[in-house]
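*Asks:* Below is the structure I would like to discuss, written out as structure tokens.
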Amino acid sequence: MDPRESPWHLLGAAIRHWRVIGSGTQQTTAKAALVDAGDLSKWERAVMRPTRPAVCSLDQHFGAGNQLIALYDIISELERLHKIAENSTHEFKEDATDRRRLLQFAAAAGVTVTAGDPTRLLFELALGGEPRTAEQWHRSTMDHLHALRTRAPRVVADEILIDLMLLREQIGRPGGDDTIELQRALAVLAAFYSSMKVRLGDHGTALRFYRTANRAADASGDLDLRLRIRAHEAYHSLFGPRDPAVVLEMARDGQRLTDGRPSVGLASLVCEEVKALADLGRNAEAASRLQDLEDLAEADLPAIPGFWESAADRVSWAALWVHAKAGDETSLSGDIDLLRIGSGNYQYSTSTTLHRALCTVAAGGVKNGTRQATTAIAALRPEFRNEMITWTAHRVLQAVPRDQRDRGEVRELAHILSARTSA
């Protein structure tokens with residue numbers, strides 16, 4: 001069990017820690033604390049959430065000095081904040097007084113946390129957070145970027161949401177400096193949070209936070225950022241939140257904000273236009289716009305930290321998307337050779353493998369292509385098999401001709417995807 005997987009896993013690890021240092025088994029602990037042994041096992045593994053009275057009983061039995069109770073209250077409060085954020089049309093309406101209730105819990109219990117502990121972020125939220133400089137917020141966005149490339153989406157979403165709340169509060173304080181730079185950071189963080197919610201299948205929340213990201217980008221006055229945020233939304237919208245025809249319209253609307261001069265933002269929007277055209281089966285138009293993209297890439301546009309390493313990578317990824325659907329294995333191999341995806345980026349490394357599998361199936365290699373896809377999905381730990389990855393794997397299945405869908409390799413891929421969906 002990894003206590004970093006979620007706040008409830010952290011609580012489970014804390015319960016187990018107190019039980020082990022007291023040399024108790026689950027059976028003896030459950031009997032002494034007047035709880036069910038089977039439930040205790042599930043609480044430790046975060047399979048089931050305990051009630052507050054049960055946590056109070058365990059805390060008293062262990063002599064934990066209210067630490068387990070405080071941790072339970074903090075996690076419950078974080079969950080409440082999530083519900084507020086996800087159900088409100090105004091994403092940040094919660095009362096600052098309510099948030100500071102967490103500080104009271106922490107102060108009463110004297111809970112000790114260490115750097116990197118998920119509860120540290122919860123306490124930071126409770127405290128309201130010391131104002132950060134624009135440079136510190138920029139560094140925070142880079143930290144979250146690394147996390148979303150290497151860690152499970154559910155954990156990353158929690159941490160980004162807390163920073164979003166802290167940043168929004170800082171922007172709202174009177175007499176604040178660097179408002180423009182803070183709006184830039186807010187736009188990026190809101191876009192990152194939206195991408196996590198797409199990966200978690202929560203499309204409604206993703207689209208609401210993209211509205212926050214667009215408003216913040218517009219408030220910054222940075223045209224290229226405005227274009228890149230719109231491209232970011234268009235890209236993630238292709239994985240379920242919107243119909244490809246709507247994404248195509250979004251990408252073209254974004255391009256109307258520009259004067260046509262080459263920029264990373266413009267290249268990003270054309271990339272999403274190309275992908276939407278490919279998804280709509282408009283292959284000739286996609287190929288034509290792909291040529292326009294290659295011309296943009298030759299303009300030697302700068303790398304933009306926080307989204308992609310370079311405009312050339314975006315172009316290669318768009319080309320890979322088009323060539324995979326067309327079954328053009330020769331061109332696709334060249335696209336992959338040009339990509340420079342960062343080390344440890346499980347999302348794009350897995351997606352690249354799945355697009356290779358899609359291309360193989362589209363070219364007639366149903367057996368090899370579906371095997372490639374099954375291997376790629378099976379290699380991921382369950383918490384990393386997010387909706388964007390499984391959406392791409394389903395595209396591989398959809399490319400299989402109907403008269404071959406009873407093949408063993410195809411059924412195996414369908415099985416691993418259905419098992420993941422029902423989990």
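*Asks:* If you check Arg385 against the conditions, is it of a type in the set (D, E, K, R) and over 22 Å from Leu148 (Cα atoms)?
*Replies:* So Arg385 fails the test.
*Asks:* May I ask you to say which residue of Trp43, Trp18 is over 22 Å from the mean Cα position of the chain (by Cα), aromatic (Phe, Trp, Tyr), open to solvent by 40 Å² or more (accessible area, probe 1.4 Å) and at pLDDT 85 or above?
*Replies:* Trp18
*Asks:* Still on this structure, please answer the following. Does Arg139 meet the test of being open to solvent by 10 Å² or more (accessible area, probe 1.4 Å), in a helix (DSSP H, G or I) and within 25 Å of Met250 (Cβ to Cβ)?
*Replies:* For Arg139, the condition - open to solvent by 10 Å² or more (accessible area, probe 1.4 Å), in a helix (DSSP H, G or I) and within 25 Å of Met250 (Cβ to Cβ) - is not met.
*Asks:* So Ala245 clears everything in (1) in contact with a Ser or Thr (Cβ under 9 Å, 6 or more places away or on another chain); (2) of a type outside the set (Asp, Glu); (3) surrounded by fewer than 20 Cβ atoms within 10 Å (Cβ to Cβ); (4) in contact (Cβ under 8 Å) with a residue 24 or more places away in the chain except one condition, right? Which one?
*Replies:* For Ala245, the failing item is (1).
One line per residue, one yes/no per condition, for (1) open to solvent by less than 40 Å² (accessible area, probe 1.4 Å); (2) without any contact (Cβ under 8 Å) to a residue 24 or more places away in the chain; (3) among the hydroxyl-bearing types (Ser, Thr, Tyr); (4) touching a His at 6+ places or on another chain (Cβ under 8 Å):
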| residue | (1), (2), (3), (4) |
| --- | --- |
| Asn368 | no, yes, no, no |
| Arg371 | no, no, no, no |
| Ala378 | no, no, no, no |
| Glu387 | no, no, no, no |
| Trp391 | no, no, no, no |
| Val396 | yes, no, no, no |
| Gln404 | no, no, no, no |
| Glu409 | yes, no, no, no |
| Leu413 | yes, no, no, no |
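*Asks:* If you don't mind, another one. Restricting to the stretch 135-176, give me the number of residues that are more than 20 Å from Gln347 (Cβ to Cβ), of a type outside the set (S, T, N, Q) and at pLDDT 90 or above.
*Replies:* 4
*Asks:* Regarding Leu257, is this residue outside any helix (DSSP H, G or I) and either open to solvent by less than 60 Å² (accessible area, probe 1.4 Å) or closer than 15 Å to His232 by Cβ (or both)?
*Replies:* Considered against the rule, which asks whether it is outside any helix (DSSP H, G or I) and either open to solvent by less than 60 Å² (accessible area, probe 1.4 Å) or closer than 15 Å to His232 by Cβ (or both), Leu257 comes out as yes.
The values are calculated or read from the model by the stated rules, or taken from the named source; none is laboratory data. None of these values were measured; they are calculated from a predicted model. Using ideal geometry, Cβ is built from the backbone for each residue, glycine included, and neighbour counts are taken over all protein chains shown. Protein only, heavy atoms only, side chains kept; ligands, DNA and RNA dropped before computing areas. Shrake-Rupley method; radii C 1.70, N 1.55, O 1.52, S 1.80 Å.
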